[in-house]
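Step one of this worksheet: look at the structure below.
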């Protein structure tokens, strides 16, 4: 069974404010980037943008292989704890996003891990590119992305602990 790592980020310039997200899907064994997604989403809160990034990353992984296992790594403690079931989702705008994210893959095939912001630079860069494109009245496109120039290849990850 294939295993992917989804790294996602969202941001807003003001909270709420002009917002966007970025997501990267990579092969867990090789670290190779397999898919990128980013979008300017208009005015939203930072947390809504984080959830939109999560959804985009999970959907991109599903397009690559609907039977894969997925390790989600995000610097949003809120999203990681809520999607792991440890924190309740109280905000009405986040409930449907979390519900959608929970159905992209069977819950037993997705794990969530919080990572420090400095280890989420690829997804963060994509979110900022999307917000910049939105400010210009444009849509983000992969041609804008300079992953090969700005971001070194991700190192292969150790297998996630079972349980």
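Here are a few things to note about the model shown:
- Among the candidates 153, 107, 92, residue that is over 17 Å from residue 10 (Cβ atoms), at pLDDT below 95, surrounded by fewer than 17 Cβ atoms within 10 Å (Cβ to Cβ) and in contact with a strand residue (DSSP E or B) (Cβ under 9 Å, 6 or more places away or on another chain): 153
- Residue in the range 23-40 that is within 16 Å of residue 93 (Cβ to Cβ) and either touching a helix residue (DSSP H, G or I) at 6+ places or on another chain (Cβ under 9 Å) or outside any strand (DSSP E or B) (or both) present: no
- Residue check, residue 148 modelled with pLDDT of 90 or more, surrounded by fewer than 10 Cβ atoms within 10 Å (Cβ to Cβ) and within 22 Å of residue 61 (Cβ to Cβ): no
- Taking the criterion of being in a helix (DSSP H, G or I) and touching a residue at least 12 places away in the same chain (Cβ under 8 Å), the residues of the range 85-99 that qualify are 97, 98.
- Residue check, residue 52 crowded, with 18+ Cβ neighbours inside 10 Å and outside any loop (DSSP other than H, G, I, E, B): yes
- Selection of the range 1-35 for residues being without any contact (Cβ under 8 Å) to a residue 60 or more places away in the chain and either more than 15 Å from the chain's Cα centre (by Cα) or surrounded by fewer than 20 Cβ atoms within 10 Å (Cβ to Cβ) (or both) yields 14, 15, 16, 17, 27, 34, 35.
- Qualifying position, being out of contact with any strand residue (DSSP E or B) (no Cβ under 8 Å at 6 or more places or on another chain), at pLDDT 95 or above and under 18 Å from residue 119 (Cβ atoms), among 54, 78: 78
- The set of residues in the range 133-145 that are crowded, with 17+ Cβ neighbours inside 10 Å and at pLDDT 70 or above comprises 133, 134, 140.
- Matching residues, the range 65-84, being over 15 Å from residue 25 (Cβ atoms) and either touching a residue at least 40 places away in the same chain (Cβ under 8 Å) or not in a loop (DSSP other than H, G, I, E, B) (or both): 75, 76, 77, 78, 79, 80, 81, 82, 83
- Candidates 94, 74, 131, filtered to the one that is within 20 Å of residue 41 (Cβ to Cβ) and under 14 Å from the mean Cα position of the chain (by Cα): 74
- Among the residues of the range 100-122, those that are under 22 Å from residue 86 (Cβ atoms), assigned to a helix (DSSP H, G or I) and in contact with a helix residue (DSSP H, G or I) (Cβ under 8 Å, 6 or more places away or on another chain) comprise 100, 101, 102, 104, 117.
The values are calculated or read from the model by the stated rules, or taken from the named source; none is laboratory data. Computed from a prediction, not measured in an experiment: that's the story for all the values here. Don't worry about glycine lacking a Cβ; one is built from the backbone with ideal geometry, like all the others, and counts go over all protein chains shown.
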